[in-house]
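**Q** One structure, pasted below without further comment.
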Amino acid sequence: MNKFLWLAALLLLPLAPAGAARAAMPAHPSIRVTTLDGKPYDLAAQRGHWVIVNFWATWCVPCIAEMPELSHYVATHPDVRAIGLAYEDSEPADIKAFLKKHPVVYPVAQVTLDKSLKDFDEPRGLPTTYLIAPDGTVATHFIGPINAAKLDAAMGRARR
C-alpha cells in the first residue's frame, strides 16, 4: 500500500502549481544590476515609465528575432524603457560582441544562472518578459516572443 501512495504522489507532483514553494513576487519588484557597459541600473529609478524587463540569450532564436522590434518600440515610445537581461553563463565579452551585431537602444546586463534576480523567478523559457507599470508593479508577464501589438494590448488592459 505504501508503494501505491508513493507512486500516486509522484504522478501528481507535476500538477502542483509552478513556484508553489517560492514566495509570491513582491508588489514592487526590484532590479539592481550593472549593465555590460559598466553603468548601474535600478528598476526603481524608472518609476513613471513603463518598463520592459526582457530575459533573453544569445543562442535563443526567438529572442534574437524580437530584439529589433523591442528596440524600435522603446525608441518610438517616450514613456517606455527597457532592460535586457542576458540570461546565460557566457563571457561578458561574448555578449558584447553579440550586441555589436544585434544592437539595441536599451541597456543590457548579464544574469547568470547562479546569481539570479531575487524578485524574479528563473525564466521557464526564453524569451521571458515582464511589463512593469509606471507605479512599479508587474502589469503582465509573457513567456515567448512579444511584439508591439502585445505590448500595446497589455498596457491598455493595465490602464483600465
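**Q** What percent does the relative contact order of the stretch 29-159 come to when contacts are Cα pairs within less than 8 Å and at least six residues apart?
**A** 31
**Q** Then there's this: Please report how many Lys pairs in the chain have alpha carbons closer than 23 angstrom, counting only residues at least 8 apart along the chain or sitting on separate chains.
**A** Here the count comes out as 6.
**Q** Also, quick follow-up: Quickly work out the Arg159-to-Ala97 label distance, labels modelled 7 Å from Cα along the C-beta direction, and quote it in nm with one decimal.
**A** 4.4
**Q** Continuing with this model, one more query. Less than 12 Å Cβ to Cβ from Asn147, Lys/Arg counted +1 and Asp/Glu -1: what total charge do the surrounding residues give?
**A** Once all neighbours under 12 Å are counted, the net charge is -2.
**Q** Here is a follow-up. Between Glu69 and Thr112, what length comes free when the chain is fully extended (0.36 nm per residue of separation minus the Cα-Cα distance, one decimal in nm)?
**A** Working it through step by step, the gained length comes to 13.0 nm.
Values quoted throughout were computed directly from the atomic coordinates according to the rules given, and no laboratory measurement underlies them. Not measured: the values here are computed from a predicted model. As a convention, Cβ positions derive from the backbone with ideal geometry for all residues, glycine included, and neighbour counts pool all protein chains shown.
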